[in-house]
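Engineer: This is the structure, below, for whatever I ask next.
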């Protein structure tokens, strides 16, 4: 890699090559995983390039293609699996400056990939009382492009399913990694080529997302004597077709008591909880339903003064992967898993898995729509001991019918479906024929012979030593 | 009944006693049912009273209570089961003039019970891009109060379930039928007392309904070679969590060809169809999904000029009970049933029932959310021969696991759950102790000993002769 020559070609662009800063901007929240922490701790790019617009992206890609320099795109680095970490070094392409919200209309927003999700909502709310359908718990820091390229769903998935479902991304403008980069507008089925592909087969330069009506969501926490009480309540609440919620999150004791520092005073010892975001116009009916189901409302922002709410994070910052973050801040030995409890047996599976690892695994569910049904993902907290034990827990989940989306893997395939996404692979052949985009993340590209059933972790070149 | 004395007491109110007009305003669309047509054809009130506001409602009810005159409330008379027909004569209380939209805010509209549903939407769209969650196919003529008191769901139920689900009605203001009528504001669980109670236990004088984001819905008709193709497609479309639709209606050939006069030219012979209302921002993804599922788009208002669309009714006026209406206009011997195909066996049940009555019953489904799952109601068209045969068809549906909500009955219980609604009954005891509101519609009140398993139709006094 002739980085010096590349730099000359990029003259006039915003470039950062201070080693400390480059290393810092080559990271994400991979350290939630002790496995990834060990594997990826020394990963760093050679320089950060921050284009201001699509023309500059084209220029960077053409130059990097010419010099054979890898390019790893990055939003704000809030991923958890090293999605934006440059395993082969080279250029980290920060899209954070491409953050303009360019157009808002009924049901639609167009913006740059670097726009912070909360900033988009701020603009669409002020414009016409609209907001994005889905967001991660890193709402206030994550970029929309990073969410699309590296995420899968989150807050709002109880209404709209996941990011890869038809209709949850409307259009993506993508630049290819070729001698003369092409600019493509992808819609409909073509979107599957690049959503959740970690930027391995194109650089997103513009996104068009669907909007839904925005509300001043009310945060409510409902307490239960048992975790299964909270889980059954969450499931029943998700099945209430007329109650508009945005988050339904059962969490087992003692997680709330031990790790939700600023909310601790609201929980009785031993109380499991269900976090809920509910629309103000659904609140009356929601409270009636909750009474009927025997839930105890222990926290309700609609009934609190500004003074009482001061300093308390929003409910979604206790949910999804913020649950893990809050636990990690108190107990660094905590890590987590990601599981699916398939419909229609979700409650039986939850009960079974919840009972299997007392004192070691703590249940945390996120109810979602999934293929038209209400079911739940799990993001259980795990008291980490060894990688072998972590693997064993994963195997036990899977053996019991709960697929694991492994957050301790940096490749697309091992984290997700354990198989090649042929659509993504075919598009990479077309859009990145030299394999320069985010190397090492798509096994199907790096090693087509790799056997997913081997049980062995895929190790990208250069990372074998830490394998 | 001393109607003359009552009239004197109502001096100054808007009263109509022209016999022809009173008879006309004592009717609804009961004649969709040959059974109800025979039973109810001679039903008429004695006078129509049209209060302008709640104070006048209170005055009417107090006077009628004093004189022992029955009161049957009426919106615009678009019901199908004689909901608003005064079986014991007396006053027909037309609430049509209480039609003001008084307040609109995010997620909420407050209005009079007589407001026409389309007019409410017109106001809420202009105000803030919002619309009602649910409406019947009689959108342009039905009143909101009549929909709440006599309906159960409709267009939009694919997203929000039914009217009696928690959260689909926010508040009802109700006047009781007592010497000194009380005015009550009902919310939460209390709403179940009066929703779908046909006005038997209180007069609705104000409603507060939830709103959702409004869109310029696109009407699409998708063609299939077989009815089951259309049914499977409708089910799969309903399960697409990211595609925003408002109507998913599979209809078997030759119903579209024979009865949808103005759309006939779009259908090939033998083609079954699925009517869809889809949000504009979901259209691209919807069309991609439809291609993948092998559906043929035969009609798409987004691809038509105003000239091409001229004279064509909206898709929802081909759906729900407008399907029946269009068939009846061509063939007066057509009637219909209302069934549920319970989740998760809906498609197998649909296939079984669709095959059972060739040339006699024509399948028509409406996909909905029901307790958190996607399933379908049926409004099959029936080529009517005898009441005995109609009963037999009903029995065959029920014997095969498809509950029938019998549209050939004028009582609450026989049309719906075949059991006493204890909440409605208890509230009637409280709010209408003399049983003067809409007599004859609540069996539990009229004849507590009635045996629903007898198989015999309940006949209210005075109607026995036509039984």
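Nothing in this text is a laboratory measurement; each read-out follows from the coordinates by a stated rule. Just so we're clear, the structure is a prediction, and the values are computed from it rather than from any experiment. Positions of Cβ are generated from backbone atoms using ideal geometry, with glycine treated the same way; all protein chains shown enter the neighbour counts.
Engineer: Any idea what diffusion coefficient the range B:252-344 gets from Stokes-Einstein, in µm²/s, Kirkwood Rh on alpha carbon pairs, 25 °C, 0.890 mPa s?
Structural biologist: Estimated via Stokes-Einstein, D reaches 164 µm²/s.
Engineer: In nm, to one decimal, how far is the residue A:449 label point from the residue B:23 one, both placed 7 Å along Cα→Cβ?
Structural biologist: Label at residue A:449, label at residue B:23, 9.2 nm between them.
Engineer: Same structure, new question: Counting each DSSP H run of 4 or more residues in the protein assembly as shown as -39500 (n - 2.57), what helix-only mean residue ellipticity at 222 nm follows after dividing by all residues, to the nearest 500 deg cm²/dmol?
Structural biologist: Roughly -8000 deg cm²/dmol at 222 nm, from the helical runs in the protein assembly as shown.
Engineer: I would also like to ask the following. If I model a spin label at residue A:16 and residue B:426 as a point 7 Å from the Cα along the Cα→Cβ vector, what separation in nanometres do I get?
Structural biologist: Once both label points are built, they end up 6.4 nm from each other.
Engineer: Taking 60 Å as R0, compute the FRET efficiency from the Cβ-Cβ separation of residue A:226 and residue B:307 and round it to 0.05.
Structural biologist: Plugging the Cβ-Cβ distance into 1/(1 + (r/R0)^6) gives 0.40.
Engineer: May I ask you to sort B:387, B:56 by Cβ crowding, counting other Cβ atoms within 10 Å and putting the fewest first?
Structural biologist: The most exposed by this proxy come first: B:387, B:56.
Engineer: State the volume of the convex hull built on the alpha-carbon positions of the range A:218-405, expressed per residue in Å³ and rounded to an integer.
Structural biologist: Per residue, the Cα convex hull of the range A:218-405 comes to 104 Å³.
Engineer: Could you give the radius of gyration (one decimal) and Dmax (whole number) of the Cα atoms in chain A, in Å?
Structural biologist: Taking only Cα atoms of chain A, I get Rg and Dmax of 22.0, 70 Å.
Engineer: Here's another thing I want to ask about it. So if each residue of separation counts as 0.36 nm, and I subtract the Cα-Cα distance between residue B:140 and residue B:417, what length gain in nm does that give?
Structural biologist: That works out to 96.8 nm of additional length.
Engineer: Using alpha carbons only, how many degrees (0 to 90, rounded to 10) separate the axis of helix A:387-399 from the longest principal axis of chain A?
Structural biologist: Compared with the principal axis, the helix lies near 70 degrees.
Engineer: For a footprinting-style exposure proxy, rank A:184, A:287, B:93 by other Cβ within 10 Å, fewest first.
Structural biologist: Taking fewest neighbouring Cβ atoms as first place, the list is A:184, A:287, B:93.
Engineer: Once the cut-off is 53 Å, how many percent of the Cα-Cα pairs in the protein assembly as shown end up in the long-distance tail?
Structural biologist: Tail of P(r) above 53 Å: 22 percent of Cα pairs.
Engineer: Give the percent of DSSP beta bridges with both residues in the protein assembly as shown that are antiparallel, rounded to the nearest 5.
Structural biologist: Of all bridge pairs located within the protein assembly as shown, approximately 90 percent are antiparallel.
Engineer: Provide B:354, A:241, B:225, B:121 in ascending order of the number of other Cβ atoms located within 10 Å of each residue's Cβ, fewest first.
Structural biologist: B:225, B:121, B:354, A:241
Engineer: Given the C-alpha centroids of the range A:5-37 and the range B:300-321, what is the distance between them in whole angstrom?
Structural biologist: Here the answer is 55 Å between Cα centres.
Engineer: Also, I was wondering about something else. Specify the inter-centroid distance of the range A:75-141 and the range B:353-417, based on alpha-carbon positions, in whole Å.
Structural biologist: If we compute the Cα centre of each part, the gap is 49 Å.
Engineer: Inter-copy label distances at residue B:293, 7 Å along the Cα→beta-carbon direction, one decimal in nm, shortest first?
Structural biologist: 2.9
Engineer: Of all DSSP beta bridges located in the range B:3-94, what percent are antiparallel, nearest 5?
Structural biologist: Taking every DSSP beta bridge within the range B:3-94, about 30 percent pair in antiparallel fashion.
Engineer: At q = 0.15, 0.17 Å⁻¹, what log₁₀ I(q)/I(0) does the range A:101-214 have when each alpha carbon counts as one equal point scatterer in the Debye sum?
Structural biologist: Each listed q corresponds, in turn, to -0.58, -0.74.
Engineer: Considering only the label points, 7 Å along Cα→Cβ from Cα, what distances in nm to one decimal separate residue A:360 from the same position in each other copy, shortest first?
Structural biologist: Sorted ascending, the copy-to-copy spacings read 6.3 nm.
Engineer: Further question on the same structure: If I take R0 = 41 Å and measure r between the Cβ atoms of residue A:126 and residue B:268 in this structure, what FRET efficiency does the formula 1/(1 + (r/R0)^6) give, to the nearest 0.05?
Structural biologist: 0.25
Engineer: Can you tell me the orientation of helix B:54-67 relative to chain B, as the angle in degrees between its alpha-carbon axis and the longest Cα principal axis, to the nearest 10?
Structural biologist: Tilt of helix B:54-67: around 60 degrees.
Engineer: A follow-up question, please. How many nanometers, to one decimal and shortest first, lie between the label point of residue B:179 and those of its other copies, if labels sit 7 Å from Cα toward Cβ?
Structural biologist: Ordered by increasing distance: 10.0 nm.
Engineer: Counting only the backbone N, which residues of the range A:82-111 are under 17 Å from the spot 7 Å out from the Cα of residue A:5 toward its beta-carbon?
Structural biologist: Hits in the range A:82-111 for residue A:5 at 17 Å: A:90-91.
Engineer: On a 0 to 90 degree scale, rounded to 10, what angle separates helix B:320-330 from the longest Cα axis of chain B?
Structural biologist: Helix B:320-330 and the main axis of chain B meet at about 80 degrees.
Engineer: May I ask which residue of chain B has the beta-carbon nearest to the axis carrying chain B onto chain A, and at what distance in whole Å?
Structural biologist: Of all Cβ atoms in B, the one closest to the rotation axis yields B:213, 2.
Engineer: Another question, if that's okay. Once the range B:3-94 is represented by equal point scatterers at the alpha-carbon sites, with solvent omitted, what log10 I(q)/I(0) does the Debye formula produce at q = 0.13 Å⁻¹?
Structural biologist: Scattering profile of the range B:3-94, log10 relative to I(0): -0.40.
Engineer: Now a separate question. Please report how far the C-alpha centroid of the range A:166-196 lies from that of the range A:227-242, rounded to the nearest whole angstrom.
Structural biologist: One Cα centre to the other: 37 Å.
Engineer: Assuming R0 = 41 Å, what is the FRET efficiency of residue B:329 and residue B:180, from their Cβ-Cβ distance, to the nearest 0.05?
Structural biologist: 0.30
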